[in-house]
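The values are calculated or read from the model by the stated rules, or taken from the named source; none is laboratory data. These numbers come from a predicted model, not from an experiment. Here Cβ is always computed from backbone atoms with ideal geometry, including for glycine, and neighbour counts include all displayed protein chains. These accessible areas exclude ligands, DNA and RNA; they are computed on the full protein's heavy atoms, side chains included. Shrake-Rupley method; radii C 1.70, N 1.55, O 1.52, S 1.80 Å.
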Amino acid sequence: MKKFDYEEIVGHSLIQKKLCQAVSCDRVVSAYLFCGSPGIGKKTVARAFAASLLCQAPHNGKPCHTCASCRLLASGNHPDLITLQAPTDKKSIGVEPVREQIVKEAYIRPFHAGRKVFIIESSELLTVEAQNALLKILEEPPAYAVFLLLAPSADQLLQTVLSRCLKFQFLPLSDDVCRSYFSKQEAENSRKELAATFSQGIIGRGLTILKDEEYYQLYQKTLAQLADFPSSSTALPRLQQFFIQNRERIDDVIDFMLNFLRDCMRQKISKNPKLICADNQATIERFANAYSPGSLVRMMEAVVSFRTRLSKNASFTVAGLELLTKMQEEIHD
Ligand SMILES: [Zn+2]
């Protein structure tokens, strides 16, 4: 069950304060844009803010959790909260869902609350046509409607849409906040420690490595592949097999490789490196000792280029071979 409460939010205290003030001082605007990396807390904040907007008796701008509206939200059936989620393929959100679920709905008065709240997750996926359809309602919104647009960055949104939204930028949290949050979770200490370093200020990222066993195993397997590089001549062909076996999750594999290579670079240049893959320190040390800083940088560039090629629909096999060839040049240099 999704929670609709400020208690659920980790950090972002200034944003919380401003949103609560907007409700308590009745200075709510009709459209907000929450920007920040996936997992940073945009949805959690949007849900808490939506709850306070719909609550019949908010206290200091926070939902009361007892009124009819709050109870409806808790049951998951509030008719005045409409969420437009990204499609499962995560490719794009076309004009049809925007017209049907947002624009049409916005002209229907609220059933329960004095307001009607629309959360548009993954707004960056809205096509230009979809954004233009949304723009019409943003330009002349009904007085009761509040639109919350969520996106990693404002770059993919049209200037005309941006100009209608009050923007809040979500920044990564401090190490201390993350460490304290993950120390309270149920898990082995080493895993909690990894979650804190791996999060890099983004709670959702740390939670994934803490709770998603498959993701955690893939992380360990990717690092085990790289661990062999300095000592084994068959490491590269094995990495190629590994890519093919994990083709469906190649984005995660690429992320793990980049985190690892960045750690090796930190290990190389700093006396007290703050590692992301803190649980694999010995492997990182060995790898960093085996290669020059220049080699590490070129390996990172090769991995980034692999990702770019895949995002442009290059052949998986060709792009993979290109990466392996570049890595081979560095290994045997
Ligand atoms: Zn309430």
Checklist entry - Helix-derived [θ] at 222 nm for the chain: sum -39500 (n - 2.57) over DSSP H runs of at least 4, divide by residue count, nearest 500? => result -16000 deg cm²/dmol
Checklist entry - Alpha carbon centre of the stretch 264-300 versus the stretch 181-205: separation in Å? => result 21 Å
Item to check | Cross-link pairs K18/K211; K91/K136; K104/K167 - those with Cα-Cα distance over 27 Å | outcome: K18/K211
Checklist outcome for this item: For the stretch 212-331, the dipole about the Cα centre with charges only on Cβ (Lys and Arg +1, Asp and Glu -1), to the nearest 20 debye, works out at 400 debye
Checklist outcome for this item: The long-range amide H neighbours of H59, using H built 1.01 Å from N in the peptide plane and a cut-off of under 5 Å, are C64
Item to check | For R309, solvent-accessible area (1.4 Å; no DNA, RNA or ligand), Å² | outcome: 80 Å²
Item to check | Beta bridge orientation in the stretch 6-169: antiparallel %, DSSP, nearest 5 | outcome: 5 percent
Checklist entry - If you roll a 1.4 Å probe over the heavy atoms of the protein chains, what accessible area per residue do you get for the chain, in Å²? => result 50 Å²
Checklist entry - Cα extents of the stretch 197-333 along the three principal axes, largest first, in whole Å? => result 35, 31, 24
Checklist outcome for this item: Expressed in square angstrom to the nearest 10, the accessible area of Y6 with a 1.4 Å probe stands at 10 Å²
Item to check | Whole-percent carbon and sulfur share, accessible surface of the chain, 1.4 Å | outcome: 49 percent
Checklist entry - Going from most exposed to least, what order do K91, K167 have by accessible area with a 1.4 Å probe? => result K91, K167
Checklist outcome for this item: Rounded to the nearest whole number, the Stokes-Einstein translational diffusion coefficient of the stretch 174-245 at 10 °C and 1.306 mPa s (Kirkwood radius, C-alpha pairs) in µm²/s is 118 µm²/s
Checklist outcome for this item: Of all DSSP beta bridges with both partners in the chain, the antiparallel percent, nearest 5, is 5 percent
Item to check | Long-range tail of P(r) for the stretch 6-169 (Cα pairs > 25 Å, %) | outcome: 25 percent
Next on the checklist: Using a 1.4 angstrom probe on the protein heavy atoms only, could you order D228, D89 from most to least accessible area?
Outcome noted: D89, D228
Item to check | Cα-based reach from K274 at 21 Å (exclusive), listing lysines while leaving out same-chain residues under 8 positions away | outcome: K192
Checklist entry - To two decimal places, what compactness ratio does the chain give when its Cα radius of gyration is scaled by 2.2 N^0.38 Å? => result 1.16
